[in-house]
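Beneath this line is the structure, given in structure tokens, with notes to follow.
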Amino acid sequence: MSQTREALKFAYWVPNVSGGLVISNIEQRTSWTIDYNRKLAQIAEASGFDYALTQIRFTAGYGAEFQHESVAFSHSLLEATTNLKVIAALLPGPWNPTLAAKQIATINHLTNGRIAVNIVSGWFKGEFQAIGEHWLDHDERYRRSEEFIRALRGIWTEESFTFRGDFYRFNQYSLKPKPIDPQPEIFQGGSSRAARDMASRVSDWYFTNGNTPEEIAKQVEDLKSQARANGHAVRIGVNGFAIVRETEEEAKAVLAEIIEKANPEAVKAFGHEVKNAGKASPEGEGNWAKSTFEDLVQYNDGFRSNLIGTPRQVAERVLALKRAGADLILLGFLHFQEEVEYFGKHVLPIIRELEASEDARAIAAE
């Protein structure tokens, strides 16, 4: 039986909030505006990226003064492209599954099925308080998110949907038109036990923060064994921040400058908030439990994936993440438009060559 795997998929973080993807005062030729982002989506599509992930923020902080709403912004990017899939972030609490299901189903029809969703359970208590939303305990937030996903799926697939949960209730609700098949993909993130258990039951995709291949492999094995026990299948996306230059020295110099020019107050405030959120989990550990100050300058631990170097070095490190179990690499960049294009031109071809070589060796070994 063939041991080859599907080709890695690639996504990029949409900079629909100001400040870019690092909490640093370094120059970033990146903009949160719609014109910049429409052009970026077109560049990413032409460069071989499969997905774009929009962010959800309601309040300023940690270098992000301005924020565009995720679903509306996602629709605009879809209108500017023809093949790229866009993942819109939804936050249970502000969103009700009824509104979300109808909103996404409509965009699904308008864009020939290219909309997906990322269910964000929430880590920022201050943001919930600012907008008047009730703040739940850590595991309660994931229980609500699981009900939210079950409700979305039920509304999208059942002719008459009835559901009795602790957070949502439906009585013979029928949504028409339903999304066209295949159904919108459902992503989620998190590294806590509750997050992984939820993914192992209901999500199509699980995003994890950046890490070494060895640590990613541990998470993948834990998650996939749980999913198998539940009769479920889930794919893995790994966060990374790519700094690709002609020489390793140039790439490392950019990383050093990003960290040197970090905004220490904002980084520390972000670290305090997210680590408190993780400590609230029963096991006392979340996505950022082992993150250093330097890690937190890229707020999803993207530096820890070590995609920093020459095109070949970065391609080889991407393949190491694939061997560890990654199905998708989610990338941030310093200067998005030019660096997404550079990645597509100089890194992706090497990755595809390496994948083909590994597949050939796997077939020959059978």
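The values are calculated or read from the model by the stated rules, or taken from the named source; none is laboratory data. Note that the structure is predicted; figures quoted are calculated from it, not measured. Using ideal geometry, Cβ is built from the backbone for each residue, glycine included, and neighbour counts are taken over all protein chains shown. These area figures cover heavy atoms from the full protein model, side chains too; ligands, DNA and RNA do not enter into them. Shrake-Rupley method; radii C 1.70, N 1.55, O 1.52, S 1.80 Å.
Miscellaneous remarks
- Test: residue in the stretch 51-72 that is basic (Lys, Arg) and at pLDDT 95 or above: no
- Some residue of the stretch 312-325 being out of contact with any helix residue (DSSP H, G or I) (no Cβ under 8 Å at 6 or more places or on another chain), closer than 21 Å to Phe207 by Cβ, modelled with pLDDT of 85 or more and in a loop (DSSP other than H, G, I, E, B): no
- Candidate set: the stretch 283-311, residues that are in a helix (DSSP H, G or I) and farther than 26 Å from Thr54 by Cβ; chosen: the one modelled with the lowest pLDDT: Phe293
- Within the stretch 53-72, if we keep just the residues that are hydrophobic (A, V, I, L, M, F, W, C) and either open to solvent by 10 Å² or more (accessible area, probe 1.4 Å) or without any contact (Cβ under 8 Å) to a residue 24 or more places away in the chain (or both), the residue that is nearest to Ser203 (Cα to Cα) turns out to be Ile56.
- Filter pass, Glu133 being at pLDDT 95 or above and either among the charged types (D, E, K, R) or buried (at least 23 other Cβ atoms within 10 Å of the Cβ) (or both): no
- Boolean, Lys268 is in contact with a strand residue (DSSP E or B) (Cβ under 9 Å, 6 or more places away or on another chain) and either surrounded by fewer than 19 Cβ atoms within 10 Å (Cβ to Cβ) or among the acidic types (Asp, Glu) (or both): no
- Pairs with Cβ under 6 Å, 6+ apart, first in the stretch 78-98 and closer than 16 Å to Gly48 by Cα, second part of a loop (DSSP other than H, G, I, E, B) and open to solvent by less than 40 Å² (accessible area, probe 1.4 Å): Leu78/Thr111; Leu78/Arg114; Lys85/Arg114
- Residues of the stretch 201-214 that are open to solvent by 10 Å² or more (accessible area, probe 1.4 Å) and more than 13 Å from Asn239 (Cα to Cα): Arg201, Asp204, Glu214.
Okay, residues lined up against (1) open to solvent by 20 Å² or more (accessible area, probe 1.4 Å); (2) in contact with a Phe, Trp or Tyr (Cβ under 8 Å, 6 or more places away or on another chain); (3) within 16 Å of Trp123 (Cβ to Cβ):
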| residue | (1), (2), (3) |
| --- | --- |
| Tyr142 | yes, no, yes |
| Leu152 | no, no, no |
| Thr157 | yes, no, no |
| Ser160 | yes, yes, no |
| Ser174 | yes, yes, no |
| Gly190 | no, yes, yes |
| Met198 | no, yes, yes |
| Ile216 | no, no, no |
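- If you go through the stretch 1-42 and pick out every residue that is closer than 19 Å to Ile350 by Cβ and open to solvent by less than 60 Å² (accessible area, probe 1.4 Å), you end up with 7.
Here's the yes/no breakdown for (1) closer than 19 Å to Ala88 by Cβ; (2) out of contact with any strand residue (DSSP E or B) (no Cβ under 6 Å at 6 or more places or on another chain):
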residue: Tyr142; (1), (2): no, yes
residue: Phe148; (1), (2): yes, no
residue: Arg164; (1), (2): no, yes
residue: Lys176; (1), (2): no, yes
residue: Pro179; (1), (2): yes, yes
residue: Pro184; (1), (2): yes, no
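- Criterion applied to Leu136, Leu91, Leu110, Leu152 was being in contact with a helix residue (DSSP H, G or I) (Cβ under 7 Å, 6 or more places away or on another chain) and over 23 Å from His232 (Cβ atoms), and the one residue passing it is Leu136.
- Restricting attention to the stretch 245-262 and to residues that are of a type in the set (A, V, I, L, M, F, W, C) and in contact with a strand residue (DSSP E or B) (Cβ under 7 Å, 6 or more places away or on another chain), the residue that is surrounded by the fewest Cβ atoms within 10 Å (Cβ to Cβ) turns out to be Val254.
- Here Asp166 fulfils each of the conditions (1) surrounded by fewer than 22 Cβ atoms within 10 Å (Cβ to Cβ); (2) under 25 Å from Ser291 (Cα atoms) apart from (2).
- Cβ-Cβ distances below 8 Å connect the following pairs, each with a first residue in the stretch 343-366 that is within 17 Å of Ala326 (Cα to Cα), a second residue that is part of a helix (DSSP H, G or I) and open to solvent by 40 Å² or more (accessible area, probe 1.4 Å), and a separation of six or more residues or different chains: Leu354/Glu316.
- The residues listed here are Ser70, Ser47, Ser76; of these, the one that is hydroxyl-bearing (Ser, Thr, Tyr) and more than 30 Å from Tyr168 (Cβ to Cβ) is Ser47.
- For Ser76: the one exception among (1) open to solvent by 20 Å² or more (accessible area, probe 1.4 Å); (2) of a type in the set (Gly, Ala, Ser); (3) touching a Lys or Arg at 6+ places or on another chain (Cβ under 8 Å); (4) within 30 Å of Ser357 (Cβ to Cβ): (4)
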